[in-house]
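J.: Mind looking over this structure? Questions follow.
The values are calculated or read from the model by the stated rules, or taken from the named source; none is laboratory data. In this text, all values refer to a predicted model and were calculated from it rather than measured experimentally. So basically every Cβ, Gly included, is an ideal-geometry build from the backbone, and we count neighbours across all protein chains shown. The area values use the complete protein model at the heavy-atom level, side chains included, leaving out ligands, DNA and RNA. Shrake-Rupley method; radii C 1.70, N 1.55, O 1.52, S 1.80 Å.
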Amino acid sequence: MPSRESYEVHKEEKSLVQKVKHEANQEDILAAALGMRMGPQKPPATFWQPLKQFAYTQLTSLVRRASLREIDRASKPEKVHNFKVHTFRGPHWCEHCASFMWGLMAQGVKCADCGMNVHKECSSLVANDCKPNLRHIRKIYSCDLTTLVNAYNTARPMVFNQSGLRSEGLYRVSGFSDSVEEVKLAFDKDGEKTDISGKAYEDINIITGALKLYLRDLPVPIISYDAYPRFIDAAKLTDPEKKLEAFRESLALLPPSHSETLKYLMAHLKRVAENEKFNLMNAENLAIVFGPTLMRAPNMDAATALNDIRYQRQVVEVLIKNEDVLF
């Protein structure tokens, strides 16, 4: 007959074995949920699929948020998220608060530019740190400028062309509308791979027409709505030194992508004006063309907007003539 001591030893060994099996089973469960393999085992059951997706979502969210914090330390955020109501398929968790997004339809919002998923009530709490992804950029025209340059990791849009400086009536003469639309569709389809060289389009007016159309289609003009009043007030000043200083202050209000694009365009237009004897386009003529294209009155009545047209021309003319000292 076994002694009491041997019975106690046997009981402890049995308890230890059960504990080891229980811990091993927990490891197997976690490994199955994460899609990992811990030695020979059966394929993960469909029962664990939601848990696996949950773990993946949470890990992705943590990585995204950690990455954004690192970016925030390096540079000041410059773009707000473009959230739109979205119906998610399958279980999803908010990338801001990490809570489950309940419901069958319109459970939350999704950023159309970077793909971030959050509750509608959390969207107002998310930092303005949108980092656009090319997977979510469906077209070039009508796309927000900051979104476009960030997604393509470029300083300015790819629609600019530096050729044809001596072409008569450059930017004043319009290209065939059908051909301009063809260039637009090509950019929306192929992006930076679009060929706008002289071999593809012999008529430079088609390319200049496509550029003007791109600038007109921007949701926020190159000279943004926020900076618009400051530029108009600066154009009204008569003292040359005060005017240039007011222009510098106005330029500081532009988002980085807008400022860089405007700087590039003004340098180009100045080169066009320097070839006036060939193309017949001086700074004043170019300003007439680009004034209403680069800046639009924000929510103004028709009379005020009409009155601002002359000041819009003056703004662009000053920017062209003083490109070397303003940028």
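J.: Could you please report the charge total around E168, scoring K, R as +1 and D, E as -1 over all other residues with beta-carbon less than 14 angstrom from its beta-carbon?
T.: +1
J.: Enumerate the calculated ³J(HN,Hα) couplings along region 135-147 in order (Karplus 6.51 cos²θ - 1.76 cosθ + 1.60, θ = phi - 60°), each rounded to whole Hz, writing x wherever the residue is Gly or Pro.
T.: The phi angles translate into 4, 9, 9, 9, 7, 8, 6, 6, 8, 3, 4, 4, 4 Hz.
J.: Shifting gears a bit: Given axes a ≥ b ≥ c from the Cα gyration tensor, I'd like to know whether region 158-290 is rounded (a/c under 1.5), prolate (a/b larger than b/c) or oblate.
T.: Oblate, because a/c is 1.5 or more while a/b does not exceed b/c.
J.: Right, another one. By average Cβ neighbour count within 10 Å, what is the ranking of 221-229, 172-180, 106-114 from highest down?
T.: 106-114, 221-229, 172-180
J.: When you take every Cα atom in region 74-136, what is the radius of gyration, and what is Dmax, the widest Cα pair distance, in Å?
T.: Computed over the Cα atoms of region 74-136, radius of gyration and Dmax are 11.7, 39 Å.
J.: Could you compute the FRET efficiency for L134 and E249, with r as their C-beta to C-beta distance and R0 at 22 Å, rounded to 0.05?
T.: 0.05
J.: Show the residues, 5+ positions off or on another chain, whose built amide H is closer than 5 Å to the amide H of C130.
T.: Result for C130 returns K79, H81.
J.: For region 296-310, what does the Karplus curve 6.51 cos²θ - 1.76 cosθ + 1.60, with θ = phi - 60°, yield as ³J(HN,Hα) per residue in whole Hz, taken in order and with x for Gly and Pro?
T.: Once rounded to whole Hz, the list reads 10, 5, x, 6, 10, 6, 4, 5, 5, 4, 5, 5, 6, 4, 5.
J.: For a Förster distance of 41 Å, can you work out the FRET efficiency between the beta-carbons of L165 and A305, rounded to the nearest 0.05?
T.: The value I calculate is 0.80.
J.: Something else about it: List the residues whose amide H sits under 5 Å from the amide H of H96, counting only those 5 or more places along or on another chain, with H placed 1.01 Å from N in the peptide plane.
T.: Close amide H contacts, sequence-distant or interchain: H119.
J.: In the P(r) worked out for region 216-327, what percent of Cα pairs fall beyond 21 Å?
T.: Of the Cα pairs, 31 percent sit more than 21 Å apart.
J.: Continuing with the same structure: Given 0.36 nm per residue, what is the gain on full extension from S177 to T238 after removing their alpha carbon distance, in nm?
T.: 18.0 nm
J.: Tell me which of F290, V272, L306 sits at the most positive position along the dipole axis of region 267-316, charges placed on C-beta atoms (Lys, Arg +1; Asp, Glu -1).
T.: The listed residue farthest towards the positive side: V272.
J.: Heads up, I need the accessible area for E241: 1.4 angstrom probe, whole protein in place, Å², nearest 10.
T.: My reading of the accessible area for E241 is about 150 Å².
J.: Tell me, how many Å apart are the Cα centres for region 241-276 and for region 278-327?
T.: Each part reduced to its Cα centre gives a spacing of 11 Å.
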